[in-house]
Amino acid sequence: MAAHTHRPKADRKVPVSTYRLQVRATQGFDAVAEQIGYLASLGVSHLYLSPILAATQGSAHGYDVLDHSRLSSDAGGREAFDRLVARAHEAGLGIVVDVVPNHMTVPTPVRLNQPLWSVLKEGPLSPFADWFDVSWPEVNSGGKFEPGGARALLMPVLGDRIGTVLAKDELQLDIGGDEPVLRYYDHEFPVREGTESLPMAELVDRQWYRLAHWKVGDQELNYRRFFDVGTLVAVRVEDPAVFDATHALLLELFEAGQVDGFRIDHPDGLADPRGYLRRLAAATGDAWVVAEKILEGDETLPGDWPCAGTTGYDALMRVGGLFVHPGGAAPLLSTWTRFAGREGEAVSPDMASVVEVSKREVVNGSLFTEVARLVELLVRICETDVRLRDHTRRAFERVITALLVSFHRYRAYVVPGEPAPHDQVEVMDHAVSLARASLAEDLHDTLDLVRDLLLGREAGSAGRIDEKTRGELMVRFQQTCGPVMAKGIEDTAFYRWFRLAALNEVGGDPDVVGVPPEEFHAFSSRLLAAWPVTMTTLSTHDTKRAEDARARLSVISELPHAWDSCVTALSDAVAGQRSSLVDGATEYLLWQTLLATRTTTGALISAERLEQYLLKAMREAKLRTFWTAVDAEYEAAVLDLARTALASSEVAYLLGVFARQGSASIRANVLGQKLVQLTMPGVPDVYQGAELLDSSLVDPDNRRPVDFSARAALLDRLDGGARPQTLEEEKLLVTSRTLRVRRDHPEWFVGERATYGPLPTTTGYLVAFGRGDDSGVAAVTLATRLATSVSELGGWGSNTVALPEGSWVDAFTARQVAGGSPTPVADVLSDYPVALLVRQ
């Protein structure tokens, strides 16, 4: 793969566009195959399937992989998959699949995961012992591993402390099957050979695993997991044998031509992301591979990663930002502060301090075991080097905590045994400088030591660099940064501070209000130069809100004063029925959520969906109620307010008034961001169902079934010449016509000579760029941004756009447009706020 362009080899297929489909029992391979005709007509080139390997029975997502050697039986197994592939190929469509290299599930019962069952039974002597990242007991003086005790593999599944469970006889030995097992309600565990005749307490103590109260997990877990999810055990794919075993079936499908490319889930969790991608590239001959990587600020994907790019969160932030008015930042902060500070609480003026507090809580709470492991490695390093022994365990705890809180990216990329890249040193130094300011002066020497160790530099005695423990420390720290970022920001801070909830998105920055066209063009030009076939997206299974929910919310930035009046009136409308337990911040989230999910016909979200979302939002905020410690009275008060709001005709009226006031911008945002995403550099993905309006909220709401038959019927009607009557139909028109232009002319968008360039305009309210190849611009994207502002100016007036020479036709209206001279914007955008002009 060419490093400067990150383009697969010429003989490897590159998708022109993808359509994400959630594979599960209710939408198996045969059900997906039934939609092939519609998806081909829509214009996509590839189906993009969620994980297809065997997962926990009934899994709604597939990321809880159970068996790498089988395809999902819930989805129909290998035979159904073969039928899907055959039907897709007949229609000219390819397939890319989601890969989960980082973890497997810890199922109930555990025997369903045979490699893990073997490890529980035989410990470090199991043939699968190298699969999982476990801190095993030390070898005893006789050179043997000793099972049992506190260092055994922790299984935190008990509903009470082990002593209480034993006293209640809740553990039962079952010797009636193929092998003796230890049962605890629905759980069962293997019994180490030779221990089945021991008294129960002694039997439990002599296993390779340690049964423990579930609350022990966050403090003493001794296997690496996915974030803070103890039921997802990390897999060591850095071991070539483990990589081969866990990827054999996927590579078989690739070699057979049934799969054309891969989306890699959470590569930042791996010991060596670059090494993994290199191994995958070698195994596939440089297939099209994109990595789920969240880039912070001006961060770019490491240039030495042999992949096509990211899964598109970087594009999502820039595209969405085009339709947010920066002038709304200050007044919206005032409105947010007024609501959030209603109980007299101090409200942060920006997200930064909220993030710091949230990350510190996560580090000291649910991720404590990961911190403890890092501290243990530091202590071990210093105990073996006389020059380092005066750095204490307590000092290491404080320094590691400060560094993790201060680290502003999902990880650094420093490989043990290699010099740290200059840009990664800068990342580390930035975190160190922030941590230094928060630490007492007597800890600064310890901070400097930790910095040097994390960068692989010599520290302590001469020549002490490339040792196993030091290398493990470097890797483990990098693997811990991502969970701290994700749990501290995405799953905590984003639910605490929401001046404009549309900005609280994966890969986004709520402090960045608006992206000017110049910045977007610069970003797109960089993509074309370095990552021309990266993925772009607007909605995924992980987004906090679907694209059209964000499009509606972005209108608030253009009408901040009208919004302030609206939410004040909304709050007054329910004041008589609002419990004093309901805090202002959560109430403000309710009003934004109702606007985000309001349909074009004025219907509000269902009570079931709203309540499900609010429960998740309150518990993720972790301020008044928690997943592990529910405040039922508080939650009931908030849900009562939500039901009151849904039943109120006054609430519906007020939201309707505001929506009508911002209707031009809602329409322009919905259509504009879709067109821009589908025509900018990269391979665009359409999330299932999002070719129509999608106002889904965070999972599991965004995994609801999609009515494909209704979409197919509507597309047939549009193809028959019917004019769109609703915004939903307009979005389908824009999506289908744009995808078809891409399909018919892939050379303009993903070809080796594809070009991109902004077009001159006389207004900042128009996004205009051209796509084509070295023969010239062949397609022109025009999208209205901040349409309310355009209306306030009386329309486009005399504003123009400079179209290249030639004759053009609008893919949405079939209108002929002449180029070569300044063209009035009002003439081109008389029907829709967007246009896709194709050279005749």
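The values are calculated or read from the model by the stated rules, or taken from the named source; none is laboratory data. Computed from a prediction, not measured in an experiment: that's the story for all the values here. A quick note on method: Cβ atoms are made from the backbone with ideal geometry, for glycine too, and the neighbour counts reach across all protein chains shown. These area figures cover heavy atoms from the full protein model, side chains too; ligands, DNA and RNA do not enter into them. Shrake-Rupley method; radii C 1.70, N 1.55, O 1.52, S 1.80 Å.
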task: Specify the residue that is least open to solvent (accessible area, probe 1.4 Å); the eligible residues are those in the stretch 348-379 that are more than 17 Å from Trp497 (Cβ to Cβ) and outside any helix (DSSP H, G or I).
output: Leu367
- prompt: Asp773 versus (1) within 30 Å of Arg12 (Cβ to Cβ); (2) loosely packed, with under 13 Cβ neighbours inside 10 Å; (3) touching a Phe, Trp or Tyr at 6+ places or on another chain (Cβ under 9 Å): which is the lone unmet condition?
  reply: (2)
Pair list, Cβ under 9 Å, 6 or more apart: the stretch 255-267 residue under 15 Å from Leu53 (Cβ atoms) and touching a residue at least 12 places away in the same chain (Cβ under 8 Å), other residue aromatic (Phe, Trp, Tyr) and outside any strand (DSSP E or B): Gln258/Phe81; Phe262/Phe254; Ile264/Tyr276; Asp265/Tyr63
statement: Checked against (1) touching a helix residue (DSSP H, G or I) at 6+ places or on another chain (Cβ under 7 Å); (2) open to solvent by less than 20 Å² (accessible area, probe 1.4 Å); (3) of a type outside the set (A, V, I, L, M); (4) under 24 Å from Pro349 (Cα atoms), His561 satisfies every condition except (2)
field: Qualifying residue in the stretch 540-547 (condition: touching a helix residue (DSSP H, G or I) at 6+ places or on another chain (Cβ under 8 Å), at pLDDT 95 or above, under 30 Å from Ala632 (Cβ atoms) and assigned to a helix (DSSP H, G or I))
entry: no
query: Is it true that Gln219 is under 38 Å from the mean Cα position of the chain (by Cα) and either assigned to a helix (DSSP H, G or I) or loosely packed, with under 14 Cβ neighbours inside 10 Å (or both)?
result: yes
query: Ser736 is checked against (1) under 28 Å from the mean Cα position of the chain (by Cα); (2) surrounded by fewer than 16 Cβ atoms within 10 Å (Cβ to Cβ) and fails just one. What number does that condition carry?
result: (2)
message: Within the stretch 163-175, does at least one residue satisfy the condition of being closer than 29 Å to Phe226 by Cα, over 29 Å from the mean Cα position of the chain (by Cα) and assigned to a loop (DSSP other than H, G, I, E, B)?
response: yes
- request: Considering only the stretch 53-109, give the strands (runs of 3 or more DSSP E) lying wholly within it that have at least 2 residues that are surrounded by fewer than 20 Cβ atoms within 10 Å (Cβ to Cβ) and in contact (Cβ under 8 Å) with a residue 12 or more places away in the chain.
  value: 65-71
message: Going residue by residue through the stretch 785-796, is there one that turns out to be of a type outside the set (Gly, Ala, Ser), within 24 Å of Ser736 (Cα to Cα), out of contact with any Phe, Trp or Tyr (no Cβ under 7 Å at 6 or more places or on another chain) and touching a residue at least 24 places away in the same chain (Cβ under 8 Å)?
response: no
message: Among the residues of the stretch 33-41, are any within 30 Å of Glu747 (Cβ to Cβ), under 20 Å from the mean Cα position of the chain (by Cα), surrounded by 24 or more Cβ atoms within 10 Å (Cβ to Cβ) and not hydroxyl-bearing (Ser, Thr, Tyr)?
response: no
- line: The condition from (1) without any contact (Cβ under 8 Å) to a residue 24 or more places away in the chain; (2) assigned to a helix (DSSP H, G or I) that Gly344 misses is numbered (2)
message: Suppose the filter is on the phi > 0 side of the Ramachandran plot, open to solvent by 10 Å² or more (accessible area, probe 1.4 Å) and in contact (Cβ under 8 Å) with a residue 60 or more places away in the chain; does Gly460 pass it?
response: yes
query: How about the stretch 617-638: which of its residues are open to solvent by 20 Å² or more (accessible area, probe 1.4 Å) and among the hydrophobic types (A, V, I, L, M, F, W, C)?
result: Leu623, Phe626, Trp627, Ala629, Val630, Ala632, Ala636
task: Scan the stretch 688-700 and report the pairs whose first residue is touching a residue at least 40 places away in the same chain (Cβ under 8 Å) and whose second residue is of a type in the set (Gly, Ala, Ser) and open to solvent by 20 Å² or more (accessible area, probe 1.4 Å), with Cβ atoms within less than 8 Å and a gap of 6+ or a chain change.
output: Pro700/Ala60
message: Going by what's in this entry, would Glu345 be described as surrounded by fewer than 22 Cβ atoms within 10 Å (Cβ to Cβ) and under 29 Å from Ala459 (Cβ atoms)?
response: no
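Rundown of residues vs (1) modelled with pLDDT under 95; (2) in a helix (DSSP H, G or I); (3) within 27 Å of Gly309 (Cα to Cα), yes/no style:
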{"position": "Gly672", "(1), (2), (3)": "no, yes, yes"}
{"position": "Leu678", "(1), (2), (3)": "no, yes, yes"}
{"position": "Leu714", "(1), (2), (3)": "no, yes, no"}
{"position": "Leu739", "(1), (2), (3)": "no, yes, yes"}
{"position": "Tyr756", "(1), (2), (3)": "no, no, yes"}
query: Tell me, which residue of the stretch 281-303 that is more than 17 Å from Arg409 (Cα to Cα) and in contact with a Cys (Cβ under 8 Å, 6 or more places away or on another chain) is surrounded by the most Cβ atoms within 10 Å (Cβ to Cβ)?
result: Val290
query: Given the conditions (1) under 20 Å from Ser135 (Cα atoms); (2) part of a helix (DSSP H, G or I), and given that Leu232 satisfies all but one, which numbered condition is not satisfied?
result: (2)
- request: Output the residues belonging to the stretch 639-653 that are over 13 Å from Leu581 (Cα atoms), surrounded by 14 or more Cβ atoms within 10 Å (Cβ to Cβ) and of a type in the set (A, V, I, L, M, F, W, C).
  value: Ala642, Ala645, Leu646, Val651, Ala652
- request: Could you list, in sequence order, all residues of the stretch 222-274 that are touching a His at 6+ places or on another chain (Cβ under 6 Å), farther than 29 Å from Val533 by Cα and open to solvent by 20 Å² or more (accessible area, probe 1.4 Å)?
  value: Leu232
